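Below: one structure, written as structure tokens.
The values are calculated or read from the model by the stated rules, or taken from the named source; none is laboratory data. Treat the numbers as computed from the prediction; the structure is a model and nothing was measured. Every residue, glycine among them, receives a Cβ derived from its backbone with ideal geometry; neighbour counts consider all protein chains shown.
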Amino acid sequence: MGGPTVQDLKLPRHGIFAAQHLARSMDQGVLRSGDEEQLRSGLQPASVDLHLGDVAHRLRCSFLPGAATVEQRLEEFGMGEVSLAGGAVLERETPYLIPLAEELNLPPAVWAKANPKSSTGRVDVFTRLVTDRGYRFDEVAEGYAGRLYLEVTSSTFTIKVHPGLALNQLRLGWGHAPVSDAELLQLHQEERILFRGGQPVPDADFRQSHGVFMGLDFGPDTAEPDGVVGYRARRNSRLLDLGAIGGHDPDDYWDPVRPERGGLVVLEPDQFYLLLSEEAIRIPDHLAGEMAAYDTMSGELRTHYAGFFDPGFGDDAGALAGSKAALEVRAHDVPFMVEHGQRVCKLAFERLVEPTEISYGSQISSNYQGQRSTLSKHFRRA
């Protein structure tokens, strides 16, 4: 007997799986875990959270398995195990590989893609999904059946992690259904998906290239007090427990960022910054968004770690005119100047196989709907 098929999942067309299709994938054993309750607790509008297992393998270097299994590569590159029971400390700038609680049994022609959760990217923790005989990080080949592993590297903070913690998320897809630039502009004209100052962005300023460009917000009307437009992470700060929601004082981990005269900020090399987008985004319930990690035309800087935007972001049943995006930014090699409105990232859209039955926002107690601060949920709010 073969495994589940596309027909078993009742997919009406190509695209990203919506919440109801992810739930059906769990029913059919496409997504599975030894902890069924934990698995289903991770269901999101167009993605599913993945959860850490019980042990971390310290690595002497990052790797891709290639023609081998992950376990075979660990025999060569592993440097001992760390139990996560009761919480384990992961040193910064050290890669760890953690087997995840979930496994996949994908039907032929169904693929998967992973990304760090927003809360993970906002504390400069870099995660990459690894599969047996995989040649690319975060991408799972069509029809893959097997275990999932997460490479975890904290670049700035020494962190504490626990079994069951969700640091990344997974999307499933059948074929591809990207939204073209012409379709995206028409969608903006009809439904409005990009806002500035609470008003739809004019068509003439709706800049696109396989997605819509977005800029930085250093404006005088920033929501933060004392002219603060973002934060720069402190090195050698206190231990950051990723399981302690709202349990950390931001002043122990972050320095405020204020613009210079003329509304510009000079980014120091290899420092980690949290900034806000000037534009606010609205993701309709039939689309999923993904932020590009790099835009080489915008300068030598990385502008996003956590790229998935679920349907309903910035909408909340029509109550919002979009939500701003938190941008995780790091300059490379030399100091780099950025200014208010400068376009540094791009959001691309893809259709769901059908509109989601679960939307991002108050319906599922989402953390960043209508956000006015870049800080993650781990820190106390003023």
Looking only at segment 117-175, which residues are basic (Lys, Arg) and either at pLDDT below 95 or in contact with a strand residue (DSSP E or B) (Cβ under 8 Å, 6 or more places away or on another chain) (or both)?
LYS117, ARG122, ARG128, ARG147, LYS160, ARG171
Hey, any hits in segment 143-150 for a residue that's touching a Gly at 6+ places or on another chain (Cβ under 8 Å), of a type in the set (A, V, I, L, M) and either under 30 Å from VAL89 (Cβ atoms) or not assigned by TED's automatic domain parsing to the domain that holds GLY322 (or both)?
yes
Check on ARG232, among the basic types (Lys, Arg), within 23 Å of the chain's Cα centre (by Cα) and either part of a helix (DSSP H, G or I) or assigned by TED's automatic domain parsing to the domain that holds MET291 (or both)
yes
How many residues of segment 235-258 are touching an Asp or Glu at 6+ places or on another chain (Cβ under 8 Å) and either of a type outside the set (D, E, K, R) or assigned by TED's automatic domain parsing to the domain that holds SER118 (or both)? The answer is 4
Filtering segment 254-287 down to residues that are assigned to a loop (DSSP other than H, G, I, E, B), in contact with a Lys or Arg (Cβ under 7 Å, 6 or more places away or on another chain) and within 29 Å of ARG92 (Cβ to Cβ) yields ASP270, GLN271
For the condition at pLDDT below 70 and not acidic (Asp, Glu), what is the one hit in ALA306, ALA348, ALA331?
ALA306
Can you find a residue that is under 30 Å from ILE283 (Cα atoms), surrounded by 14 or more Cβ atoms within 10 Å (Cβ to Cβ) and in contact (Cβ under 8 Å) with a residue 40 or more places away in the chain anywhere in segment 51-64?
yes
Is it true that ALA101 is out of contact with any Gly (no Cβ under 8 Å at 6 or more places or on another chain) and in contact (Cβ under 8 Å) with a residue 60 or more places away in the chain?
no
Suppose we keep only residues that are modelled with pLDDT of 90 or more and assigned to a loop (DSSP other than H, G, I, E, B) within segment 351-368. Which one would you say is surrounded by the fewest Cβ atoms within 10 Å (Cβ to Cβ)?
GLU357
Within segment 234-273, track down each residue that is touching a residue at least 24 places away in the same chain (Cβ under 8 Å), polar (S, T, N, Q) and farther than 25 Å from ASP217 by Cβ.
SER237
Kindly check whether there is at least one residue in segment 288-298 that is in a loop (DSSP other than H, G, I, E, B), at pLDDT 90 or above and not β-branched (Val, Ile, Thr).
no
Considering LEU74, LEU59, LEU50, LEU39, which residue is modelled with pLDDT of 95 or more, assigned by TED's automatic domain parsing to the domain that holds THR153, of a type in the set (A, V, I, L, M) and touching a Phe, Trp or Tyr at 6+ places or on another chain (Cβ under 8 Å)?
LEU59
Scan segment 241-268 residue by residue and report those that are closer than 20 Å to LEU327 by Cα and hydrophobic (A, V, I, L, M, F, W, C).
LEU242, TRP254, VAL257, LEU264, VAL265, VAL266, LEU267
Consider PHE206 carefully, then state whether it is closer than 21 Å to ALA280 by Cα, crowded, with 20+ Cβ neighbours inside 10 Å and not assigned by TED's automatic domain parsing to the domain that holds LEU11.
no
Where residues in segment 26-76 are β-branched (Val, Ile, Thr) and outside any helix (DSSP H, G or I), which of them is farthest from PRO95 (Cα to Cα)?
VAL30
Somewhere in segment 177-189, is a residue assigned to a strand (DSSP E or B) and crowded, with 18+ Cβ neighbours inside 10 Å?
no
Is it the case that ALA23 is part of a helix (DSSP H, G or I), among the small types (Gly, Ala, Ser), under 21 Å from the mean Cα position of the chain (by Cα) and surrounded by 14 or more Cβ atoms within 10 Å (Cβ to Cβ)?
yes
Of all residues in segment 327-346, count the ones that are crowded, with 19+ Cβ neighbours inside 10 Å, touching an Asp or Glu at 6+ places or on another chain (Cβ under 7 Å) and not charged (D, E, K, R).
3
Could you list, in sequence order, all residues of segment 128-155 that are surrounded by fewer than 20 Cβ atoms within 10 Å (Cβ to Cβ), among the small types (Gly, Ala, Ser) and touching a residue at least 40 places away in the same chain (Cβ under 8 Å)?
ALA145, GLY146, SER155
